[in-house]
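Below is one structure, written out as structure tokens, with a few remarks after it.
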Amino acid sequence: MDSTFTRRGFLHGTASAATGLSLTAQLPATAQPLQPVVVSSANGLRATQKAMDLMHKGADTLAAVVAGVNIVEDDPNDNSVGYGGLPNEDGEVELDASVMHGPTKRAGAVAALRNIKNPSQVAKLVMERTDHLLLSGEGALRFALAHGFKKENLLTDASRMVWLRWKETLSTRDDWGPGLSILEDDELAQTPEQQQLLDRIIANRPTGTINCLALNERGDISGTTTTSGLAFKIPGRIGDSPLIGCGLFVDNAVGAAGSTGRGEECIKINGAHTVVEMMRRGASPTAACLEAVKRVADNYNGNLKKLSQFNIHFYALNKKGEYGAAALFGYVGPNRKRSQYAVHNGRENKLLDSAYLYEAPLKPTS
Ligand code: GLY
């Protein structure tokens, strides 16, 4: 994959793909079994492994990806998903998730769900056990409890400390934070490393998220996206992850796509649906993801100063088992970490470099 795509090169590539008009949906079904593939965001290497293992044992693609992301939802050290996710401005963890099952053309989602650490499982139950598609807030919680989920405190001490630090540094015109004192030590930030981590998170509020997409040997495709959303959000804020067509879209005849990063930008361009529609018209997964990223950039007329305030990432997998990903920025953060994604291609499970529109933001983003 050409991950150093220039914008001009990308536009050229997209134009030729569009004129090719090889509609993937119209390809005859192949009698040959396909090579199963699982694609995820960079925090999803364990998810891709788990999903592939389950598919090898015959699991359905949706059951496989949900079991995969459950590992990350359960992980207290991933502060962008499930248990340990960074909370809203009130210090409460609110989770969003969606699922789509390609072969049966069904979907389910939950938004602003509190106290349940596996929102992807609840989203799957919304799909399977209701005639609705999206439940939110109190209703989503009551639905989860009715199905036997247990209420838990999802705020880990580490995430609480970050939230508290954010709250204390928001303003000098309130009384949060150490008062006037002869002491110079900040008791919340015990080490310089901890201080640096807190400062970095607060400067670039994470919109983490995990997306996971799977294709099995029969050509069936499913996906899920799950997140704790934008750190310190206004309570009730819903991002792209639970919105079908935004943080996730699956069309069993074409492929699947998902997104991580700043949800508001994804919603404005119906990101995942855009990617799948580009693939339907013949674009490769990488070119389709880059087109979505380009639309995000166009919403700011390519103003790099504004775009530098966030990153956004799209992931795609088509019916033939081809995959790709693209980010707005190729290198992010103070250490210029490469934007990557996780792929299990049936033989190996690894991180790959994503294509990108711009090399790096004007200032570090998370
Ligand atoms: N992409 C996750 C969010 O913005 O909530």
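The values are calculated or read from the model by the stated rules, or taken from the named source; none is laboratory data. No experiment lies behind these values; they were computed from the predicted model shown. Positions of Cβ are backbone-derived with ideal geometry, glycine not excepted, and every protein chain shown enters the neighbour counts.
Whether any residue in the range 331-338 is within 16 Å of the ligand (Cβ to nearest atom), at pLDDT below 95 and either part of a loop (DSSP other than H, G, I, E, B) or out of contact with any Cys (no Cβ under 6 Å at 6 or more places or on another chain) (or both) is what I want to check. Explain how you work it out, then say what you get.
Taking the range 331-338 and keeping what is within 16 Å of the ligand (Cβ to nearest atom), we get 332.
Pick out the ones that are also at pLDDT below 95 and you get 332.
From the residues that got through so far, the ones that are either part of a loop (DSSP other than H, G, I, E, B) or out of contact with any Cys (no Cβ under 6 Å at 6 or more places or on another chain) (or both) too are 332.
Taking every residue of the range 331-338 in turn, at least one turns out to be within 16 Å of the ligand (Cβ to nearest atom), at pLDDT below 95 and either part of a loop (DSSP other than H, G, I, E, B) or out of contact with any Cys (no Cβ under 6 Å at 6 or more places or on another chain) (or both).
May I ask you to list the residues in the range 296-330 that are crowded, with 16+ Cβ neighbours inside 10 Å and part of a helix (DSSP H, G or I)? Break it down stepwise before answering.
Kept after step one, since they are crowded, with 16+ Cβ neighbours inside 10 Å, are these residues of the range 296-330: 296-297, 307-308, 310-330.
Once the filter is applied, which keeps residues that are crowded, with 16+ Cβ neighbours inside 10 Å and part of a helix (DSSP H, G or I), the range 296-330 yields 296, 297, 307.
Can you go through 255, 271, 261 and tell me which one is over 16 Å from residue 99 (Cα atoms), buried (at least 23 other Cβ atoms within 10 Å of the Cβ) and touching a residue at least 12 places away in the same chain (Cβ under 8 Å)?
Numbers: 255 fails: over 16 Å from residue 99 (Cα atoms); 271 fails: over 16 Å from residue 99 (Cα atoms).
Of the residues listed, the single one that is over 16 Å from residue 99 (Cα atoms), buried (at least 23 other Cβ atoms within 10 Å of the Cβ) and touching a residue at least 12 places away in the same chain (Cβ under 8 Å) is 261.
Is it fair to say residue 139 is buried (at least 23 other Cβ atoms within 10 Å of the Cβ) and over 20 Å from residue 74 (Cβ atoms)?
Working: buried (at least 23 other Cβ atoms within 10 Å of the Cβ): no; over 20 Å from residue 74 (Cβ atoms): yes.
Spelling it out, it is not the case that residue 139 is buried (at least 23 other Cβ atoms within 10 Å of the Cβ) and over 20 Å from residue 74 (Cβ atoms).
Taking the range 339-366 on its own, how many of its residues are within 29 Å of residue 199 (Cα to Cα) and in a loop (DSSP other than H, G, I, E, B)?
In the first step, residues of the range 339-366 are kept if they are within 29 Å of residue 199 (Cα to Cα); the result is 339-342, 351-366.
The next check asks that each one be in a loop (DSSP other than H, G, I, E, B); those that pass are 339, 354, 359-366.
So the count comes out to 10.
Would you confirm whether or not the range 26-46 contains a residue that is assigned to a helix (DSSP H, G or I), modelled with pLDDT under 95 and over 15 Å from the mean Cα position of the chain (by Cα)?
Within the range 26-46, one or more residues are assigned to a helix (DSSP H, G or I), modelled with pLDDT under 95 and over 15 Å from the mean Cα position of the chain (by Cα).
Identify, from the list 64, 112, the residue that is touching a Leu at 6+ places or on another chain (Cβ under 7 Å) and at pLDDT 95 or above.
Values: 112 fails: touching a Leu at 6+ places or on another chain (Cβ under 7 Å).
Selected residue: 64, the only one of 64, 112 that is touching a Leu at 6+ places or on another chain (Cβ under 7 Å) and at pLDDT 95 or above.
Give the residue that is farthest from residue 93 (Cα to Cα), with candidates limited to residues of the range 235-252 that are surrounded by fewer than 24 Cβ atoms within 10 Å (Cβ to Cβ) and away from the ligand (no atom under 12 Å from the Cβ).
Ranking the qualifying residues of the range 235-252, first place goes to 252.
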